[in-house]
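Working notes, structure below.
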Amino acid sequence: MSRPHLPSLAGLQCFEAAARHLSFTRAADELSLTQSAVSKQVAQLESMLQHPLFRRVRRRLQLTPEGAVYLNEARKILAHVEMSTRYMQSYGGKSDVLNVATLPTFGARWLIPRLNGFRYRHPDINLNIINRSEPFDMEEERVEVVFFFGHGAWPRTECIKIRDEEMVPVCAPAILDGVAIDEPLDLTRLVLLQSATRPEAWHDWFEAQQQYTEHSYHGPRFDSFYMALRAAQAGCGVALLPHFLAQEEIEEGKLVIPWGFRLKSRDAYYMAYPEHMAEVGKVRSFVDWIHDKIQGVQ
């Protein structure tokens with residue numbers, strides 16, 4: 001399937017510079033082009049988009065509403081191209097880049113602490129760690145290894161189980177002052193902090209104890225476990241989190257467990273990599289490293 005006609009990088013650069021200076025002349029000076037060349041690039045972009053990007057008012061440029069929206073997107077594209085270019089230039093063709101996708105909080109709390117030493121063992125493998133919370137196509141996004149939470153199945157991959165999960169309620173010690181927690185439902189007297197990725201978590205936790213409440217889905221909702229953890233630590237309410245992801249704050253006394261019941265999740269954390277890349281050097285080296293970490297070898 002053919003791709004639709006897309007704007008040139010030069011056109012995006014001319015548009016971004018003109019929008020920043022609100023002047024074709026100053027944009028041309030910055031880009032070492034003529035004023036007419038910049039104007040022509042912007043005109044071609046407007047024709048392609050079928051929207052005006054600028055208004056010409058008293059010899060000055062003003063962004064149209066459509067131009068303001070497109071400027072934001074153009075800057076993202078240019079920043080990504082610059083970052084990717086600098087990233088590849090820094091390796092000089094001597095290193096392999098391994099793209100690894102992970103759940104945000106799992107990556108920060110479990111994965112990253114276990115990467116220390118990998119660079120010294122494998123100096124020619126450069127890790128590119130990215131966050132992914134939703135399913136995606138590994139081949140399309142050129143990801144070689146992914147860490148995910150689920151049933152242990154990812155299309156066309158080999159999966160290795162990393163660990164199970166137990167959900168526990170956690171909150172700042174101060175919000176329990178004067179609040180007696182004698183049964184699970186007493187937690188509803190506090191604010192129940194919700195996690196967007198586990199909308200059923202509180203309901204399942206109460207249900208596993210034969211407790212039912214209409215408040216299971218009520219409360220502020222956070223996009224990641226880490227955000228919910230920080231909200232709990234700030235005293236915003238009580239969060240239901242995987243114990244291992246909150247263990248550091250629990251051990252330091254920044255968070256406490258107001259009711260000790262732990263709900264073992266049906267799913268678990270897994271590492272997956274494409275079947276056809278099982279023996280690719282950089283993939284095998286990373287998978288073996290993580291496997292050894294799981295087994296406590298290193």
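The values are calculated or read from the model by the stated rules, or taken from the named source; none is laboratory data. Everything numeric in this text was worked out from a predicted model, so none of it was measured. Cβ coordinates were reconstructed from backbone atoms using ideal geometry, including for glycine residues, and neighbour counts include every protein chain displayed.
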For this session: Answer yes if at least one residue in the stretch 10-17 is over 18 Å from Val69 (Cα atoms) and of a type in the set (Gly, Ala, Ser), and no otherwise.
Result: yes
For this session: Determine which member of the set Leu229, Leu192, Leu176 is in contact with a Pro (Cβ under 8 Å, 6 or more places away or on another chain) and either closer than 30 Å to Pro274 by Cα or not assigned by TED's automatic domain parsing to the domain that holds Ala108 (or both).
Result: Leu176
Exercise. Does Lys293 qualify as being buried (at least 16 other Cβ atoms within 10 Å of the Cβ), farther than 28 Å from Glu200 by Cβ and in contact with a Leu (Cβ under 6 Å, 6 or more places away or on another chain)?
Worked result: no
For this session: Kindly establish whether Tyr226 is outside any helix (DSSP H, G or I) and hydroxyl-bearing (Ser, Thr, Tyr).
Result: no
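Results for (1) assigned by TED's automatic domain parsing to the domain that holds Glu279; (2) under 20 Å from Ser8 (Cα atoms), shown as yes or no for each residue.
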{"site": "Gln44", "(1), (2)": "no, yes"}
{"site": "Val57", "(1), (2)": "no, no"}
{"site": "Gln62", "(1), (2)": "no, no"}
{"site": "Ala68", "(1), (2)": "no, yes"}
{"site": "Asn72", "(1), (2)": "no, yes"}
{"site": "Leu111", "(1), (2)": "yes, no"}
{"site": "Arg121", "(1), (2)": "yes, no"}
{"site": "Asp137", "(1), (2)": "yes, no"}
{"site": "Val145", "(1), (2)": "yes, no"}
Seminar exercise, completed: Per the list (1) of a type in the set (Ser, Thr, Tyr); (2) surrounded by 13 or more Cβ atoms within 10 Å (Cβ to Cβ); (3) assigned to a loop (DSSP other than H, G, I, E, B), residue check on Tyr212 breaks on (2)
Exercise. For the stretch 33-57, which residues satisfy the criterion of being part of a helix (DSSP H, G or I) and within 34 Å of the chain's Cα centre (by Cα)?
Worked result: Val42, Leu45, Glu46, Met48, Leu49
For this session: Would you please name the residue that is farthest from Val57 (Cα to Cα), looking only at residues in the stretch 18-27 that are buried (at least 21 other Cβ atoms within 10 Å of the Cβ) and out of contact with any Leu (no Cβ under 6 Å at 6 or more places or on another chain)?
Result: Ala27
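Matching residues to (1) modelled with pLDDT of 95 or more; (2) under 21 Å from the mean Cα position of the chain (by Cα); (3) assigned to a strand (DSSP E or B):
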{"site": "Phe149", "(1), (2), (3)": "yes, yes, yes"}
{"site": "Trp154", "(1), (2), (3)": "no, yes, no"}
{"site": "Ile160", "(1), (2), (3)": "yes, no, yes"}
{"site": "Val170", "(1), (2), (3)": "yes, no, yes"}
{"site": "Val179", "(1), (2), (3)": "no, no, no"}
{"site": "Asp182", "(1), (2), (3)": "yes, no, no"}
{"site": "Asp186", "(1), (2), (3)": "yes, no, no"}
Problem set entry | Filter result for Ile294 (more than 23 Å from the chain's Cα centre (by Cα), closer than 18 Å to Val146 by Cα and of a type in the set (Val, Ile, Thr)) | yes
